[in-house]
Amino acid sequence: MRLTRRAAVAAVGVAALLTATACGADDGGGGSGAKTVEVFTWWADGGEKAGLDGLVSQFTTDCAGQTFQNGAVAGGAGANAKTVLASRLQQNLPPDTFQAHAGAELSDYILAGQVEDLSADYDTWGLKTAFPKGLIDNLTVEGKIYSVPANIHRANVVWTNKKVLANAGITKAPTDLAGFFADLDKVKAKGIAAPLAVGKDWTQLMLFESVLISDLGPDKFTGLWNGGTDWNDAGVTKAINDFKQLLTYTNTDRDALDWTDAEKLVMDGKAGYQLMGDWEAADLDAKKFADYDYFTFPGNGDTFQWLADSFVLPKGAKNVDGTKCWLKTVGSAAGQKAFNTKKGSIPARTDAAPADYPKYQQAAMADWKSFKQVPSCAHGSACSQGWQGAANSALGAFSTKQDVAGLQKALAAAAQQFVKK
Ligand code: GAL
């Protein structure tokens with residue numbers, strides 16, 4: 001019932017947005033001489049919008065005669081944007097460029113023939129050596145490169161309200177799950193009913209992925225996504241049980257909240273902790289909330305769970321020249337600095353100067369180099385969109401029913417269906 005209603009709302013949203021786009025968009029080629037580049041993202045607010053604004057100002061400087069057109073569709077992790085985008089691509093009404101995660105999510109668009117090969121532009125713009133090889137591999141299918149990465153984000157970070165923790169006598173970050181449960185109990189004992197703020201499906205998937213990293217270790221965790229680790233493993237059962245216990249510390253309205261709503265619970269002192277990607281650093285700064293701290297999810301050790309936003313040239317984009325100028329800006333040193341200093345992420349380019357970045361990003365840049373890297377399913381580096389959808393639904397059902405065996409079975413079935421053999 002709930003899913004049906006959600007699907008209906010999404011469909012209405014898509015129709016409304018398509019109408020708005022059809023009425024509002026310039027033709028890009030522009031008989032009037034105006035050339036617009038419609039940039040499709042889900043960065044509509046707060047730190048995400050601040051990052052996009054930074055990139056736009058660099059684009060305006062670099063791409064004279066081109067005008068940015070904001071095609072953002074609000075909703076964390078692209079929950080709404082991806083539905084709208086799929087519909088537009090299907091109707092051959094692509095934006096000039098759209099945001100896609102490096103890795104399996106991008107491969108979906110490549111394999112569906114929806115995006116253009118940018119290999120020659122990589123040569124022209126000197127990008128082949130600007131990014132780490134591992135990242136380029138994640139953007140490449142059969143030797144061709146299909147998108148330009150804007151950043152590297154980190155997913156497995158816990159954000160805290162310092163005052164709430166101080167009030168509970170907590171002075172150190174926990175380093176394992178047992179320590180985290182003990183601290184959650186301390187905050188609860190101070191009258192905070194739900195010390196760990198969480199939102200709907202994909203935010204729960206993020207939390208669960210962090211628990212999986214703790215209980216399986218980084219290598220076995222990565223194996224879950226490439227067929228190397230069996231989802232029926234006893235370590236997965238343990239992780240589901242730990243996750244179930246964690247949910248007892250969370251807000252009961254979780255399934256109705258986006259990540260920013262959960263973040264607000266932390267800012268308002270109604271919760272002490274939230275597991276979220278490091279776009280939260282930028283968002284808390286944009287919202288002028290200074291009383292926060294952060295630590296790696298307990299038990300993850302020196303693991304950096306990464307994801308990367310990248311931009312593509314869709315097949316059938318109207319303003320190819322303008323879009324190429326956008327992509328060139330995205331990949332440039334100046335563009336990456338303008339974007340990432342505001343977005344909470346670190347530059348994908350390897351030639352950035354840490355001193356140009358806020359304190360959080362300086363630490364993340366160092367960790368990116370020395371920590372063990374694992375991908376994220378909630379943000380497309382580990383799993384395809386179909387797999388991600390199946391995982392989100394399984395987590396959504398678990399939030400209501402708390403059926404441990406049921407969740408493991410659903411996740412094992414999803415892996416069976418989607419893992420590349
Ligand atoms: C991720 C995206 C980030 C951030 C986040 C929350 O999928 O890669 O840049 O926007 O969603 O919306």
Condition check for residue 312: open to solvent by 20 Å² or more (accessible area, probe 1.4 Å), modelled with pLDDT of 95 or more, of a type in the set (A, V, I, L, M, F, W, C) and closer than 30 Å to residue 92 by Cβ: no
Scan of the range 104-150 for residues that are out of contact with any Cys (no Cβ under 7 Å at 6 or more places or on another chain) and among the small types (Gly, Ala, Ser), ordered by number: 107, 112, 113, 119, 120, 126, 130, 134, 143, 147, 150
Options 331, 344: the member that is within 29 Å of residue 207 (Cα to Cα) and either open to solvent by less than 10 Å² (accessible area, probe 1.4 Å) or polar (S, T, N, Q) (or both): 344
Long-range neighbours under 6 Å by Cβ, at least six apart or interchain, first residue in a helix (DSSP H, G or I) within the range 52-81, second more than 16 Å from the ligand (Cβ to nearest atom) and among the small types (Gly, Ala, Ser): 58/334
Restricting the range 132-186 to residues that are under 30 Å from residue 312 (Cα atoms) and among the basic types (Lys, Arg), the residue that is farthest from the chain's Cα centre (by Cα): 144
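Among the residues of the range 60-106, what is the count of those that are within 16 Å of the ligand (Cβ to nearest atom) and of a type in the set (Ser, Thr, Tyr)?
Count: 2.
Just the residues that are in contact with a helix residue (DSSP H, G or I) (Cβ under 7 Å, 6 or more places away or on another chain), open to solvent by less than 50 Å² (accessible area, probe 1.4 Å), under 17 Å from residue 335 (Cα atoms) and not hydroxyl-bearing (Ser, Thr, Tyr), please, taken from the range 126-148.
Once the filter is applied, which keeps residues that are in contact with a helix residue (DSSP H, G or I) (Cβ under 7 Å, 6 or more places away or on another chain), open to solvent by less than 50 Å² (accessible area, probe 1.4 Å), under 17 Å from residue 335 (Cα atoms) and not hydroxyl-bearing (Ser, Thr, Tyr), the range 126-148 yields 127, 130, 148.
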Hey, residue 108 in a helix (DSSP H, G or I), open to solvent by less than 50 Å² (accessible area, probe 1.4 Å) and under 17 Å from residue 326 (Cα atoms) or not: no
Every residue from the range 359-379 that is assigned to a loop (DSSP other than H, G, I, E, B) and either within 16 Å of the ligand (Cβ to nearest atom) or among the small types (Gly, Ala, Ser) (or both): 376, 377, 378, 379
Single unsatisfied condition, residue 95 versus (1) outside any helix (DSSP H, G or I); (2) surrounded by fewer than 20 Cβ atoms within 10 Å (Cβ to Cβ); (3) not aliphatic (A, V, I, L, M): (2)
Qualifying residue in the range 35-44 (condition: open to solvent by 60 Å² or more (accessible area, probe 1.4 Å) and either more than 28 Å from residue 388 (Cβ to Cβ) or part of a strand (DSSP E or B) (or both)): yes
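The values are calculated or read from the model by the stated rules, or taken from the named source; none is laboratory data. This is a predicted model, so every value here is computed, not measured. For neighbour counting, all protein chains shown are included, and Cβ atoms are generated from backbone atoms with ideal geometry for every residue, glycine included. Each accessible area value is taken on the protein alone, full model and side chains, heavy atoms only, with ligands, DNA and RNA left out. Shrake-Rupley method; radii C 1.70, N 1.55, O 1.52, S 1.80 Å.
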